[in-house]
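Data block below; observations after.
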């Protein structure tokens, strides 16, 4: 399985948040996207997931164009972001059952229980979400995103606010998902963790891709230096 | 069938949150009762018959209470970014819009019922007309208010002007609905026969359905970045 973005351009008014970016992600891989604030990482992720229609370019899955307007495409996606996307006044179980129904899972309650077990949060099911800590909410958010067993998992700064145990747990779940039929795209500021998790990396700056390659070729210090360089040729 | 299920689940989810937090429900209902209470003191009832003004005051109260509530339609969606995930789910935008409109409709109906009862009590109206006829007039009006409130609630939420934009957008669109509704309700209060009311009610339904259809068709465009 391959996911590709070709010549993607996303504009916010006169600003080109993503400026002609090509990106490739393959099954059995974690692609980490790095870059300073305002580099266009989250916008790129939104373009790939179809949350935002690119102004130019297209997104291809196994060579065929896909669009966020297609519910069949959206059903294959999972998203974990720094905001948990949970309804705070619902319990954890109610949140998961609701999203299970939105994804058409017939046995929503069982799917919710299994997803909570996957992230080690089964005891949180009856708790109102607003009563949870940031780390607990993020675990539940991960359970929600995995519940429908997505082929492609997008993670947008998922480690924000997590304690070391929570971050380690999230890492373990991500690594366990690696398989030929699954793609993980990770957007993060955390270079060390991103390099540890990723098979391939890409660095963005001012909307453009400035570097990409196998994760093993780079170290965090070297990548950090690329954050401050002018966008130029792809290495 | 799936769309109906989605609509029901989204509406139930919204209502469950609203009644748990209480904030929006209490604000809307309290506004309705308070407005009716104040109206009852502001009119010299030795010169003004309550029956003559009740319909106008009823619709004004329901309108402003609905607008106040509509501004908070998407509060729970934005608390921790849930709306982004709802939009990413393989649910049609129509279902999301209609589900949220149904939830708003329940709240507007509660406000309308309470306001009608409050006006009847505060104005001492002994014969307020047929309850079934009142419901027949108010229900399509409530659908129109909920449909417009849901649609413009999201637009104002995405605007830098925020909720202050909501009345500017909604009032011109709702003016025909409110004037027709007030006219029909006035006839109901005065005990006129259905033959004098039915035409207005049919027009109210036409406007309400039009607002729902247009809102549903345009909703996908205002949810795109």
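Read-outs throughout are calculated quantities, based only on the coordinates presented, and are distinct from any laboratory measurement. These numbers were taken from a predicted model, which means no experiment stands behind them. Here the Cβ positions follow ideal geometry from the backbone for every residue, glycine too, while neighbour counts run over all protein chains shown.
Here each label is just a point 7 Å from Cα along the line to Cβ, and for residue B:48 and residue B:202 those points are 3.4 nm apart. On the basis of the beta-carbon distance and an R0 of 60 Å, residue B:30 and residue A:107 show a calculated FRET efficiency of 0.90. Peptide A:99-107 has a mean shielding of 4, counted as Cβ atoms of other protein chains within 10 Å of each residue's Cβ.
Among A:71, A:36, A:158, the residue with the largest mean-square fluctuation in a Gaussian network model of chain A, with springs joining Cα atoms closer than 10 Å, is A:71.
With both labels modelled 7 Å from their Cα along Cα-to-Cβ, the residue A:217 to residue B:4 distance reads 5.8 nm.
Build a GNM of chain B with springs between Cα atoms under 10 Å apart, and of B:51, B:138, B:204 the one that fluctuates most is B:51. Treating each Cα of segment A:53-159 as one equal point scatterer and applying the Debye formula with no solvent, the log10 of I(q)/I(0) at q = 0.10, 0.19 Å⁻¹ comes out as -0.30, -0.92. A Förster distance of 25 Å, applied to the separation of the beta-carbon atoms of residue B:92 and residue B:158, puts the FRET efficiency at 0.80.
Relative to the globular-protein estimate of 2.2 N^0.38 Å, the Cα radius of gyration of segment B:1-96 stands at 1.50. In plain terms, if you count all Cα to Cα distances in segment A:1-102 and split them into 5 Å steps from zero, the share in each step is 3, 11, 20, 21, 17, 13, 9, 5, 1 percent.
For the protein assembly as shown, the Kirkwood hydrodynamic radius comes to 24.3 Å, computed from all pairs of different C-alpha atoms.
Quick one: length gained pulling residue A:172 to residue A:37 fully straight, 0.36 nm per residue minus the C-alpha distance?
Between residue A:172 and residue A:37, full extension yields an extra 45.9 nm.
Taken over the Cα atoms of segment B:2-222, the convex hull encloses 120 Å³ per residue.
Ranked for footprinting exposure by Cβ neighbours inside 10 Å, fewest first, A:157, A:117, A:51 give A:117, A:157, A:51. Summarising the strand pairing of the protein assembly as shown, around 55 percent of its internal DSSP beta bridges are antiparallel.
What FRET efficiency would be calculated for the residue pair residue A:53, residue B:217, taking the C-beta separation as r and a Förster radius of 22 Å, to the nearest 0.05?
Numbers: r = 18 Å, r/R0 = 0.81.
The calculated FRET efficiency here is 0.80.
Assuming a ≥ b ≥ c are the square roots of the Cα gyration tensor eigenvalues, decide whether chain A counts as rounded (a/c under 1.5), prolate (otherwise, with a/b larger than b/c) or oblate.
In terms of gyration-tensor shape, prolate.
The helix-based estimate of mean residue ellipticity at 222 nm for chain A, built from -39,500 (n - 2.57) per DSSP H run of four or more residues and divided by its residue count, is -9500 deg cm²/dmol to the nearest 500. Under a 10 Å cutoff between Cα atoms, tell me which one of B:66, B:46, B:92 has the largest fluctuation in the Gaussian network model of chain B. Its mean-square fluctuation being the largest, the pick is B:46.
Taking the helices alone, chain B has a mean residue ellipticity at 222 nm of -27500 deg cm²/dmol, built from -39,500 (n - 2.57) per DSSP H run of at least 4 residues and averaged over all its residues.
From least to most packed, judged by other beta carbons within 10 angstrom and beginning with the fewest, A:224, B:87 follow the order A:224, B:87.
Placing a pseudo-label 7 Å from each Cα along the Cα-to-Cβ vector at residue B:19 and residue A:15 gives an inter-label distance of 4.3 nm. Exposure proxy for B:5, A:193: other Cβ atoms within 10 Å of each Cβ, ordered fewest to most, give B:5, A:193.
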